[in-house]
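Some notes on the structure that comes next.
The values are calculated or read from the model by the stated rules, or taken from the named source; none is laboratory data. Nothing here was measured: the structure is a model prediction, and the numbers come from that model. FYI the Cβ positions are ideal-geometry reconstructions off the backbone, even for glycines, and counts take in every protein chain you see.
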Amino acid sequence: DLSGKTAVITGSNSGIGLGIAWELARAGADIVLNSFTDDEADHALAQEIAQTCNVTARYIKADMSKGADCRRLIAEAGVCDILVNNAGIQHVAPIPEFPADKWDAIIAINLSSAFHTTAEALPMMRKAGWGRVINIASAHGLTASPYKSAYIAAKHGIVGLSKTTALETAKDPITCNAICPGYVLTPIVEKQIPDTMKEYDMSREEVIEQVMLTRQPSREFATVEQMGGTATFLCSDAAAQITGTTISVDGGWTAL
Ligand code: NAD
(Lines give C-alpha, C1' and ligand atoms only; values in the text may rest on other atoms or scores of the structure.)
Protein backbone atom coordinates (compact mmCIF):
# COMPACT_ATOMS: atom_id res chain seq x y z
CA ASP A 1 0.00 0.00 0.00
CA LEU A 2 1.61 3.24 -1.16
CA SER A 3 -0.94 5.64 0.34
CA GLY A 4 0.76 8.64 1.90
CA LYS A 5 3.69 8.36 -0.53
CA THR A 6 4.25 10.80 -3.36
CA ALA A 7 5.68 9.60 -6.67
CA VAL A 8 7.29 11.95 -9.18
CA ILE A 9 7.56 10.41 -12.65
CA THR A 10 9.53 12.33 -15.28
CA GLY A 11 8.27 12.23 -18.87
CA SER A 12 4.91 10.81 -17.86
CA ASN A 13 2.31 12.30 -20.21
CA SER A 14 2.54 9.19 -22.42
CA GLY A 15 3.85 5.66 -22.74
CA ILE A 16 5.74 3.88 -19.97
CA GLY A 17 5.86 6.90 -17.63
CA LEU A 18 2.08 7.27 -17.77
CA GLY A 19 1.62 3.51 -17.32
CA ILE A 20 3.82 3.60 -14.22
CA ALA A 21 1.90 6.61 -12.88
CA TRP A 22 -1.39 4.71 -13.24
CA GLU A 23 -0.09 1.60 -11.46
CA LEU A 24 1.47 3.59 -8.59
CA ALA A 25 -1.79 5.55 -8.23
CA ARG A 26 -3.78 2.29 -8.19
CA ALA A 27 -1.48 1.23 -5.33
CA GLY A 28 -2.47 4.44 -3.50
CA ALA A 29 0.44 6.82 -4.22
CA ASP A 30 -0.09 10.52 -4.88
CA ILE A 31 1.25 11.40 -8.31
CA VAL A 32 3.24 14.18 -9.95
CA LEU A 33 3.16 13.90 -13.75
CA ASN A 34 5.70 15.74 -15.91
CA SER A 35 6.69 16.63 -19.42
CA PHE A 36 8.01 19.70 -21.25
CA THR A 37 4.58 20.78 -22.58
CA ASP A 38 1.84 22.60 -20.68
CA ASP A 39 -1.33 21.55 -22.49
CA GLU A 40 -4.84 21.12 -21.14
CA ALA A 41 -4.51 17.44 -21.97
CA ASP A 42 -1.48 17.16 -19.64
CA HIS A 43 -3.44 18.51 -16.68
CA ALA A 44 -6.49 16.44 -17.67
CA LEU A 45 -4.40 13.25 -17.35
CA ALA A 46 -3.57 14.18 -13.76
CA GLN A 47 -7.25 14.87 -13.04
CA GLU A 48 -8.29 11.53 -14.52
CA ILE A 49 -5.77 9.65 -12.37
CA ALA A 50 -6.82 11.56 -9.24
CA GLN A 51 -10.53 10.88 -9.79
CA THR A 52 -10.18 7.25 -10.81
CA CYS A 53 -7.74 6.25 -8.08
CA ASN A 54 -8.86 8.62 -5.33
CA VAL A 55 -5.37 10.07 -4.88
CA THR A 56 -3.85 13.51 -5.34
CA ALA A 57 -2.34 14.03 -8.78
CA ARG A 58 -0.93 17.06 -10.53
CA TYR A 59 1.06 17.89 -13.61
CA ILE A 60 4.23 20.02 -13.46
CA LYS A 61 5.83 21.30 -16.64
CA ALA A 62 9.63 20.98 -16.61
CA ASP A 63 12.09 20.35 -19.44
CA MET A 64 14.29 17.39 -18.57
CA SER A 65 16.95 18.57 -21.02
CA LYS A 66 17.72 21.40 -18.58
CA GLY A 67 19.38 20.68 -15.24
CA ALA A 68 17.75 23.63 -13.48
CA ASP A 69 14.29 22.49 -14.64
CA CYS A 70 14.95 18.95 -13.36
CA ARG A 71 15.82 20.33 -9.93
CA ARG A 72 12.84 22.71 -9.94
CA LEU A 73 10.47 19.81 -10.71
CA ILE A 74 11.47 18.05 -7.48
CA ALA A 75 11.51 21.28 -5.46
CA GLU A 76 8.04 22.20 -6.75
CA ALA A 77 6.72 18.70 -6.00
CA GLY A 78 7.76 19.46 -2.39
CA VAL A 79 7.74 15.76 -1.46
CA CYS A 80 9.33 12.94 -3.41
CA ASP A 81 9.18 9.50 -1.81
CA ILE A 82 9.29 7.68 -5.13
CA LEU A 83 11.32 9.10 -8.00
CA VAL A 84 10.89 7.48 -11.40
CA ASN A 85 13.39 8.78 -13.95
CA ASN A 86 11.66 7.86 -17.16
CA ALA A 87 11.90 10.78 -19.64
CA GLY A 88 13.67 9.69 -22.78
CA ILE A 89 14.08 10.29 -26.50
CA GLN A 90 15.68 8.32 -29.33
CA HIS A 91 17.59 9.10 -32.51
CA VAL A 92 18.89 6.52 -34.98
CA ALA A 93 21.93 7.22 -37.22
CA PRO A 94 25.44 5.86 -37.83
CA ILE A 95 28.09 7.56 -35.67
CA PRO A 96 29.75 9.66 -38.42
CA GLU A 97 26.33 11.09 -39.37
CA PHE A 98 24.93 11.32 -35.84
CA PRO A 99 23.96 15.00 -35.25
CA ALA A 100 25.94 16.41 -32.31
CA ASP A 101 22.90 18.29 -31.01
CA LYS A 102 20.93 15.01 -30.90
CA TRP A 103 23.79 13.39 -28.99
CA ASP A 104 23.73 16.24 -26.45
CA ALA A 105 19.93 16.17 -26.10
CA ILE A 106 19.82 12.39 -25.57
CA ILE A 107 22.58 12.46 -22.96
CA ALA A 108 20.84 15.38 -21.21
CA ILE A 109 17.29 13.93 -21.20
CA ASN A 110 18.01 10.20 -20.88
CA LEU A 111 20.94 10.43 -18.41
CA SER A 112 21.83 13.81 -16.87
CA SER A 113 18.21 14.55 -15.87
CA ALA A 114 18.33 11.56 -13.51
CA PHE A 115 21.47 12.94 -11.85
CA HIS A 116 19.76 16.30 -11.22
CA THR A 117 16.43 14.90 -9.95
CA THR A 118 18.21 12.34 -7.75
CA ALA A 119 20.45 15.04 -6.27
CA GLU A 120 17.38 17.04 -5.31
CA ALA A 121 15.27 14.08 -4.14
CA LEU A 122 17.71 12.14 -1.92
CA PRO A 123 17.75 14.74 0.90
CA MET A 124 13.91 14.66 0.89
CA MET A 125 13.89 10.85 1.06
CA ARG A 126 16.43 10.84 3.91
CA LYS A 127 14.31 13.36 5.80
CA ALA A 128 11.17 11.27 5.23
CA GLY A 129 13.01 8.10 6.27
CA TRP A 130 12.01 6.13 3.15
CA GLY A 131 12.63 6.34 -0.55
CA ARG A 132 12.67 4.58 -3.88
CA VAL A 133 14.60 5.69 -6.96
CA ILE A 134 13.58 3.79 -10.09
CA ASN A 135 15.47 4.54 -13.27
CA ILE A 136 14.00 3.43 -16.58
CA ALA A 137 16.98 2.12 -18.51
CA SER A 138 16.49 -0.39 -21.34
CA ALA A 139 17.66 -3.72 -22.71
CA HIS A 140 19.97 -1.23 -24.44
CA GLY A 141 21.41 -0.43 -21.00
CA LEU A 142 22.86 -3.95 -21.00
CA THR A 143 23.39 -4.74 -24.70
CA ALA A 144 23.96 -2.69 -27.86
CA SER A 145 22.62 -2.33 -31.39
CA PRO A 146 24.10 -0.33 -34.26
CA TYR A 147 22.99 3.27 -34.96
CA LYS A 148 21.77 4.06 -31.45
CA SER A 149 25.07 5.33 -30.01
CA ALA A 150 23.74 8.17 -27.84
CA TYR A 151 20.77 6.18 -26.52
CA ILE A 152 22.91 3.16 -25.65
CA ALA A 153 25.61 5.29 -24.03
CA ALA A 154 22.95 7.08 -21.96
CA LYS A 155 21.19 3.84 -20.97
CA HIS A 156 24.44 2.13 -19.95
CA GLY A 157 25.21 5.35 -18.06
CA ILE A 158 21.95 5.30 -16.13
CA VAL A 159 22.59 1.69 -15.08
CA GLY A 160 25.91 2.90 -13.63
CA LEU A 161 24.26 5.87 -11.95
CA SER A 162 21.69 3.48 -10.41
CA LYS A 163 24.47 1.38 -8.86
CA THR A 164 26.22 4.43 -7.43
CA THR A 165 22.95 5.84 -6.06
CA ALA A 166 22.32 2.46 -4.41
CA LEU A 167 25.74 2.43 -2.76
CA GLU A 168 25.41 6.00 -1.50
CA THR A 169 22.00 5.17 0.04
CA ALA A 170 22.82 1.61 1.15
CA LYS A 171 22.61 2.48 4.87
CA ASP A 172 19.40 4.47 4.41
CA PRO A 173 15.92 2.95 3.97
CA ILE A 174 16.21 3.95 0.32
CA THR A 175 16.75 1.74 -2.71
CA CYS A 176 17.71 2.50 -6.29
CA ASN A 177 17.31 0.14 -9.23
CA ALA A 178 16.99 0.26 -12.98
CA ILE A 179 14.16 -1.37 -14.94
CA CYS A 180 15.37 -2.57 -18.35
CA PRO A 181 12.40 -2.89 -20.73
CA GLY A 182 12.59 -4.65 -24.06
CA TYR A 183 10.33 -3.33 -26.82
CA VAL A 184 7.10 -1.73 -25.59
CA LEU A 185 4.73 -0.36 -28.25
CA THR A 186 4.74 3.32 -27.19
CA PRO A 187 5.15 6.53 -29.28
CA ILE A 188 8.99 6.29 -29.09
CA VAL A 189 8.79 2.89 -30.88
CA GLU A 190 5.91 3.87 -33.20
CA LYS A 191 8.08 6.71 -34.55
CA GLN A 192 10.79 4.21 -35.60
CA ILE A 193 8.42 2.03 -37.65
CA PRO A 194 7.94 4.21 -40.81
CA ASP A 195 11.71 4.78 -41.30
CA THR A 196 12.47 1.11 -40.82
CA MET A 197 9.68 0.19 -43.28
CA LYS A 198 11.39 2.39 -45.89
CA GLU A 199 14.90 1.22 -45.05
CA TYR A 200 14.08 -2.48 -45.46
CA ASP A 201 11.12 -2.12 -47.88
CA MET A 202 8.90 -3.96 -45.42
CA SER A 203 5.31 -3.71 -44.21
CA ARG A 204 4.53 -2.56 -40.68
CA GLU A 205 3.91 -6.16 -39.59
CA GLU A 206 7.21 -7.31 -41.13
CA VAL A 207 9.12 -4.55 -39.33
CA ILE A 208 7.52 -5.49 -36.01
CA GLU A 209 8.09 -9.24 -36.44
CA GLN A 210 11.33 -9.39 -38.43
CA VAL A 211 13.24 -6.36 -37.15
CA MET A 212 11.98 -5.32 -33.73
CA LEU A 213 10.81 -8.50 -32.06
CA THR A 214 13.66 -10.67 -33.39
CA ARG A 215 15.60 -9.44 -30.34
CA GLN A 216 12.72 -10.40 -28.05
CA PRO A 217 12.41 -14.22 -27.84
CA SER A 218 8.83 -14.02 -26.51
CA ARG A 219 7.93 -12.34 -29.86
CA GLU A 220 5.58 -10.11 -27.92
CA PHE A 221 5.82 -6.48 -26.90
CA ALA A 222 6.11 -5.87 -23.17
CA THR A 223 3.35 -3.56 -21.87
CA VAL A 224 3.26 -0.31 -19.94
CA GLU A 225 1.13 -2.07 -17.30
CA GLN A 226 3.96 -4.59 -16.78
CA MET A 227 6.42 -1.72 -16.29
CA GLY A 228 4.01 -0.19 -13.77
CA GLY A 229 3.68 -3.50 -11.95
CA THR A 230 7.44 -3.89 -11.79
CA ALA A 231 7.84 -0.35 -10.42
CA THR A 232 5.11 -1.02 -7.83
CA PHE A 233 6.90 -4.20 -6.77
CA LEU A 234 10.16 -2.24 -6.34
CA CYS A 235 8.25 0.07 -3.96
CA SER A 236 7.03 -2.86 -1.82
CA ASP A 237 8.56 -4.17 1.40
CA ALA A 238 9.46 -7.40 -0.44
CA ALA A 239 11.90 -5.32 -2.51
CA ALA A 240 13.51 -3.45 0.40
CA GLN A 241 16.80 -5.35 -0.03
CA ILE A 242 16.78 -5.14 -3.81
CA THR A 243 19.11 -2.27 -4.60
CA GLY A 244 21.80 -1.41 -7.11
CA THR A 245 20.59 -3.90 -9.67
CA THR A 246 18.65 -4.15 -12.91
CA ILE A 247 15.33 -5.88 -13.56
CA SER A 248 14.84 -6.90 -17.17
CA VAL A 249 11.28 -6.94 -18.51
CA ASP A 250 12.25 -7.89 -22.03
CA GLY A 251 10.70 -11.23 -23.05
CA GLY A 252 14.13 -12.88 -22.84
CA TRP A 253 16.16 -10.36 -24.92
CA THR A 254 19.14 -10.29 -22.56
CA ALA A 255 19.18 -14.08 -22.19
CA LEU A 256 20.13 -14.49 -25.84
P1 NAD B 1 7.33 7.96 -25.02
O2 NAD B 1 7.86 8.75 -26.14
O3 NAD B 1 5.89 7.62 -24.98
O4 NAD B 1 7.67 8.64 -23.62
C5 NAD B 1 8.72 9.54 -23.44
C6 NAD B 1 8.25 10.56 -22.43
O7 NAD B 1 9.32 11.48 -22.17
C8 NAD B 1 7.07 11.37 -22.94
O9 NAD B 1 6.14 11.56 -21.89
C10 NAD B 1 7.71 12.68 -23.33
O11 NAD B 1 6.81 13.77 -23.22
C12 NAD B 1 8.81 12.77 -22.30
N13 NAD B 1 9.88 13.69 -22.67
C14 NAD B 1 10.61 13.73 -23.82
N15 NAD B 1 11.45 14.77 -23.78
C16 NAD B 1 11.27 15.39 -22.60
C17 NAD B 1 11.84 16.53 -21.98
N18 NAD B 1 12.77 17.27 -22.58
N19 NAD B 1 11.40 16.89 -20.76
C20 NAD B 1 10.42 16.19 -20.13
N21 NAD B 1 9.85 15.10 -20.66
C22 NAD B 1 10.27 14.71 -21.88
O23 NAD B 1 8.20 6.63 -24.98
P24 NAD B 1 8.32 5.48 -23.85
O25 NAD B 1 8.54 4.23 -24.57
O26 NAD B 1 7.20 5.56 -22.89
O27 NAD B 1 9.67 5.89 -23.15
C28 NAD B 1 9.80 6.07 -21.76
C29 NAD B 1 11.16 5.59 -21.30
O30 NAD B 1 11.24 4.18 -21.49
C31 NAD B 1 12.33 6.21 -22.08
O32 NAD B 1 13.39 6.50 -21.18
C33 NAD B 1 12.71 5.09 -23.02
O34 NAD B 1 14.06 5.17 -23.40
C35 NAD B 1 12.44 3.89 -22.15
N36 NAD B 1 12.32 2.63 -22.89
C37 NAD B 1 11.34 2.45 -23.81
C38 NAD B 1 11.26 1.24 -24.50
C39 NAD B 1 10.19 0.97 -25.52
O40 NAD B 1 10.29 -0.03 -26.23
N41 NAD B 1 9.17 1.77 -25.63
C42 NAD B 1 12.20 0.24 -24.27
C43 NAD B 1 13.20 0.46 -23.34
C44 NAD B 1 13.24 1.66 -22.65
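Things to note:
- Flag if residue 68 is under 18 Å from residue 112 (Cα atoms) and in contact with a Leu (Cβ under 6 Å, 6 or more places away or on another chain): no
- Of the candidates 208, 242, the single residue that is assigned to a helix (DSSP H, G or I) and either assigned by TED's automatic domain parsing to the domain that holds residue 137 or β-branched (Val, Ile, Thr) (or both) is 208.
- Of the residues making up the stretch 74-91, those that are buried (at least 22 other Cβ atoms within 10 Å of the Cβ), outside any strand (DSSP E or B) and either out of contact with any Lys or Arg (no Cβ under 9 Å at 6 or more places or on another chain) or aliphatic (A, V, I, L, M) (or both) are 74, 77, 80, 86, 87.
- In the set (1) in a loop (DSSP other than H, G, I, E, B); (2) under 18 Å from residue 224 (Cβ atoms); (3) more than 9 Å from the ligand (Cβ to nearest atom), residue 52 fails one condition alone, (1).
- Qualifying positions in the stretch 1-25 - in a loop (DSSP other than H, G, I, E, B), surrounded by fewer than 24 Cβ atoms within 10 Å (Cβ to Cβ) and small (Gly, Ala, Ser): 3, 4, 14
- Residue 67 vs. criteria at pLDDT 95 or above and at positive phi: no
- In the set 38, 69, 63, only one residue is within 14 Å of the ligand (Cβ to nearest atom), farther than 28 Å from residue 169 by Cβ and surrounded by fewer than 23 Cβ atoms within 10 Å (Cβ to Cβ); that residue is 38.
- Residues of the stretch 19-35 satisfying the condition of being under 20 Å from residue 189 (Cβ atoms) and within 7 Å of the ligand (Cβ to nearest atom): 35
- The single condition among (1) out of contact with any Gly (no Cβ under 8 Å at 6 or more places or on another chain); (2) farther than 25 Å from residue 112 by Cα; (3) surrounded by fewer than 17 Cβ atoms within 10 Å (Cβ to Cβ) that residue 29 does not satisfy is (3).
- The stretch 168-192, subset surrounded by fewer than 17 Cβ atoms within 10 Å (Cβ to Cβ) and at pLDDT 95 or above, residue farthest from the ligand (Cβ to nearest atom): 171
- So residue 212, is it within 12 Å of the ligand (Cβ to nearest atom) and closer than 28 Å to residue 4 by Cα: no
- Selection within the stretch 1-12 - under 21 Å from residue 184 (Cβ atoms) and more than 12 Å from the chain's Cα centre (by Cα): 7
- In the stretch 72-106, the residues that are among the small types (Gly, Ala, Ser), near the ligand (Cβ under 9 Å from one of its atoms) and under 18 Å from residue 121 (Cα atoms): 87
- Checklist (1) loosely packed, with under 14 Cβ neighbours inside 10 Å; (2) not in a loop (DSSP other than H, G, I, E, B) applied to residue 231, failing item: (1)
- Criterion: within 24 Å of residue 3 (Cα to Cα), touching a Leu at 6+ places or on another chain (Cβ under 9 Å) and in contact (Cβ under 8 Å) with a residue 60 or more places away in the chain - qualifying residue of 232, 223: 232
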